[in-house]
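Asks: Next up is a structure, given as structure tokens.
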């Protein structure tokens, strides 16, 4: 019994698409080539994955009508192709729901500035876009600065510990010290699968008797971050707050006991004399 050519091509296209997609992801994460050519390669892999799914569907008809072999290859091509298309399809759905934002800041009036990272970012993406504020307020109204009772030094150390724990690439860290009363941390995070670089700056300033922490997270490429920067800012502030709250809640060790003074012995008290007995009344 002959093999269905559509089934054979479905499997071939699917395996080819999988290899090309993995190579493009490795290229983006390693930084060997520019991002745009790697994304174009990844897009080509998705086209091949879609063709694999279509060829697999068409092969079902020929296998059913002509009694050809190749059902297993058709299923292989369709499963691999659909798997490759699933995550980009989900991202496309998210991009349709969210506004096209790439820069998120807890302070939209005076956002934290990129200093050391400015040279690594595209020149037109260092300044917080004024038009972004309205879209950010509508999409993420809950994002705002974190105000804590801890002083700026404790807040700075907590933020630095969280960044270190997340294993972001630390670019610059300046603790609050006279005459500068504010501290700042600059780091680069990466997205989960493609490894796109998204830059983060944390600013710690005095606020009353405590401190205020502002965070800005911005993508380097793309028309939309699909909500990744807002999620990063929200999670980072929650972790810093948990860190500071945990440090405040730690039980303090009891004070060391001091030398105990011995009391001088008190003289024994003499028992009080018994009251005098009344004379018995005389009988007449």
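Asks: On alpha carbon coordinates alone, what is the Rg over Rh value for the chain, Rh being the Kirkwood radius?
Replies: Radius of gyration relative to Kirkwood radius: 1.46.
Asks: Given the -39500 (n - 2.57) contribution per DSSP H run of 4+ residues, what per-residue ellipticity at 222 nm results for the chain, rounded to the nearest 500 deg cm²/dmol?
Replies: For the chain, the value works out to -16000 deg cm²/dmol.
Asks: Here's a follow-up. How much length, in nm to one decimal, is gained on full extension between residue 26 and residue 193, taken as 0.36 nm per residue of separation minus their Cα-Cα distance?
Replies: Between residue 26 and residue 193, full extension yields 59.2 nm more.
Asks: Going by alpha carbons, how many degrees (0 to 90, nearest 10) lie between the helix axis of 152-165 and the longest principal axis of the chain?
Replies: It works out to around 40 degrees.
Asks: Hey, in the GNM for the chain with a 10 angstrom Cα cutoff, which one of 98, 192, 170 fluctuates hardest?
Replies: Maximum among the listed residues: 192.
Asks: Is the shape of the stretch 1-96 rounded, prolate or oblate, going by the alpha carbon gyration tensor and its root eigenvalues a ≥ b ≥ c, with a/c under 1.5 for rounded and a/b larger than b/c for prolate?
Replies: Prolate, because a/c is 1.5 or more and a/b exceeds b/c.
Asks: For residue 110, project a label point 7 Å along Cα to C-beta. Then give me every residue of the stretch 154-182 with its amide nitrogen under 20 Å of that point.
Replies: From the stretch 154-182, the list is 155-156, 174-182.
Asks: Using packing as a proxy for protection, rank 15-22, 130-137 so that the peptide with the highest average count of other Cβ atoms within 10 Å comes first.
Replies: In descending order of packing, they fall as 15-22, 130-137.
Asks: Testing the spin-label approximation: label points 7 Å from Cα along Cα→Cβ at residue 124 and residue 138. State their distance in nm.
Replies: Each label point lies 7 Å from its Cα, and together they span 2.3 nm.
Asks: Take peptides 67-75, 52-60 and line them up by average Cβ neighbours within 10 Å, highest first, as a rough protection proxy. Don't jump to the answer; show the numbers that get you there.
Replies: Details: 67-75: 17.3, 52-60: 21.9.
Most protected by this proxy first, the peptides run 52-60, 67-75.
Asks: Please determine, in degrees from 0 to 90 and to the nearest 10, the orientation of helix 35-66 with respect to the longest principal axis defined by the Cα atoms of the chain, where the helix direction is its Cα long axis.
Replies: 60
Asks: Related question: Between 0 and 90 degrees, rounded to the nearest ten: what's the tilt of helix 228-249 against the longest Cα principal axis of the chain?
Replies: 20
Throughout, read-outs are computed from the coordinates displayed, never taken from laboratory work. Keep in mind that this is a model prediction, so the values were computed, not measured. Glycine also receives a Cβ, built like all others from the backbone with ideal geometry; neighbour counts cover every protein chain displayed.
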